[in-house]
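Note sheet for the following structure.
The values are calculated or read from the model by the stated rules, or taken from the named source; none is laboratory data. Since this is a predicted model, take the numbers as computed values, not measurements. Note that each Cβ is placed from the backbone with ideal geometry, even for glycine, and that neighbours are counted across all protein chains shown. For the accessible areas, the whole protein counts, side chains as well, though only heavy atoms, and no ligand, DNA or RNA atoms are used. Shrake-Rupley method; radii C 1.70, N 1.55, O 1.52, S 1.80 Å.
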Amino acid sequence: MVNHGAVPQRVPAVVRELEQQFQRGRVGGQLEQQPDELEQQCGFPGGLTLPTSRREERAVEVSGMRCPALREINEKPPFGRQSPKTGGSMKRYGNLFAKTFSRGNLYQAYLDARRGKRKSRACFRFETNLGGELDALFWEIHAGAYRPRPYNEFWVREPKPRLIHAPHFRDRVVQHAIYRVIYDIFNRTFIATSFACRIGYGTHKASVYAQKALRLCDPDSYFLKLDIRKFFYSIDRNVLRVLIEQKIKDQRLVDSMMLFAVMDGPFGIPIGNLLSQLYALIYLNPLDHYVKRGLKVRHYVRYVDDFILFGFSRQQCFDYRKRLVEFLADNLRLELSKSTIQKVKHGVNFVGYRTWRHRRLIRKHSLYKFRRRVKTGNWRAVVSLLGHANGTASLPYMINYLKEADNENLPLPKSVRRLHGLPCPRRRHHRTVYPR
């Protein structure tokens, strides 16, 4: 037992000063790098270590030394099964299988799955026998006999070729049922600058944060932009299961989740599943915490497999790239495809936007698609591209292009025309001729 009575009387004032500096973020790395000088300044006797447990902190408070930040000073950045906030054991959730696959949750999952799919043939067939389909799913899942049906595979070649696995509608219902329960559990573990298929964390917000980071950094400093090679096809499913089990201890639910991560070969998850988007966030979550807590990077943003580190010298960018390559290979079995080291004042190409410190533009290929869609009369694609350009300097050009073009034959919704100041087509009044 440490004798705190031997601590000199001048210690509390010094510790209070250090506590105030710690709360302002001025001491951070100095305390870990120079513990001996801290002990000399505080007057700790030789061989006395700072208290690490809550009991020891309470003993220090009782003895007159009030320093609640001592535990944070001593702890190191935790990884693995440790909590990113306290360093203790991460909370795990159990007894979720019955909640996930209850009849009520399956019906709510069906309502989520049909959103935007009401006119599809698969949704219509499912709805014609809705009660029987949901009841069959309920008994198959609880009996352990449920297996996803074969995917509908097709290729998408914009911007690059990708093999898409479209699940059957009943499998979409099961995925939505799982997603409704586990999303909040994992969303609390993600950092605030991890953008992807999260509620309120889309491409617009990612681009806005990237521009904010560019403004906060020195224009002559450098940023490091990295991309992971064939990310979805390189995910190790064994590592993914370990990361999922860090938060969920219900093995029946974990087994059901892994049914939607099956592909030919030992690596990869199918692109097209709802859960694949969440799996991508879970898989790279250790990378986010390593960058923020291990490398101590202040300005960092990631969207799926693209991530950027802002505000460093050129040599620091090379050093960080080397450490990140080692971390990805050793912990996640991933490798980088390309990297960019460039000055902040030159801007960055990220999530479909060309972003500088004082303006943003959409990519040239997006403008080319916009003009082509206007000519072909594809109004849904035009509305989508207008929404994509919202808040950028490219939007006025696109509005003027629509005004100059013969857009009266383009059936844009009235709300879109009024929002962007486009003229509405004139109504044609037909005169009704009644027979005499």
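Residues in segment 135-175 that are among the polar types (S, T, N, Q) and surrounded by 14 or more Cβ atoms within 10 Å (Cβ to Cβ): how many? Don't jump to the end; show me each part of the working.
In the first step, residues of segment 135-175 are kept if they are among the polar types (S, T, N, Q); the result is 152, 175.
Narrowing the set further to residues that are surrounded by 14 or more Cβ atoms within 10 Å (Cβ to Cβ) leaves 175.
Counting residues in segment 135-175 that are among the polar types (S, T, N, Q) and surrounded by 14 or more Cβ atoms within 10 Å (Cβ to Cβ) gives 1.
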Across segment 276-300, the tally of residues that are assigned to a helix (DSSP H, G or I), open to solvent by 10 Å² or more (accessible area, probe 1.4 Å) and charged (D, E, K, R) stands at 2
Which residues, counting only those in segment 291-332, are on the phi > 0 side of the Ramachandran plot and either free of Cβ contacts under 8 Å to residues at least 24 places away in the same chain or basic (Lys, Arg) (or both)? 296
Sort out which residues of segment 100-124 are without any contact (Cβ under 8 Å) to a residue 12 or more places away in the chain and more than 26 Å from residue 255 (Cβ to Cβ), and write them in order of number. 115, 116, 118, 119, 121, 124
Across segment 394-418, what is the number of residues that are under 16 Å from residue 368 (Cα atoms) and not polar (S, T, N, Q)? 8
Residue list for segment 294-333, restricted to those being more than 15 Å from residue 227 (Cα to Cα) and of a type in the set (D, E, K, R): 296, 298, 314, 319, 330
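Which residues, taken from segment 108-134, are open to solvent by 60 Å² or more (accessible area, probe 1.4 Å), out of contact with any Cys (no Cβ under 7 Å at 6 or more places or on another chain) and modelled with pLDDT under 95?
Going residue by residue through segment 108-134, those that are open to solvent by 60 Å² or more (accessible area, probe 1.4 Å) are 108, 114-119, 121, 124-125, 128-129.
Next, only the ones that are out of contact with any Cys (no Cβ under 7 Å at 6 or more places or on another chain) stay: 108, 115-116, 118-119, 121, 124-125, 128-129.
Result: 115, 116, 118, 119, 121, 124, 125, 128, 129.
Looking only at segment 414-423, which residues are open to solvent by less than 40 Å² (accessible area, probe 1.4 Å) and under 25 Å from residue 203 (Cα atoms)? It would help to see each step written out before you state the result.
Quick first cut of segment 414-423, residues open to solvent by less than 40 Å² (accessible area, probe 1.4 Å) only: 416-417, 420, 422.
Correct list: 416, 417, 420.
Residues of segment 84-104 being touching a Ser or Thr at 6+ places or on another chain (Cβ under 9 Å) and either open to solvent by 50 Å² or more (accessible area, probe 1.4 Å) or at pLDDT 90 or above (or both), which ones?
Taking segment 84-104 first, the residues touching a Ser or Thr at 6+ places or on another chain (Cβ under 9 Å) are 84, 89-91, 97, 100-101.
Listed by number, the residues that qualify are 89, 91, 97, 100, 101.
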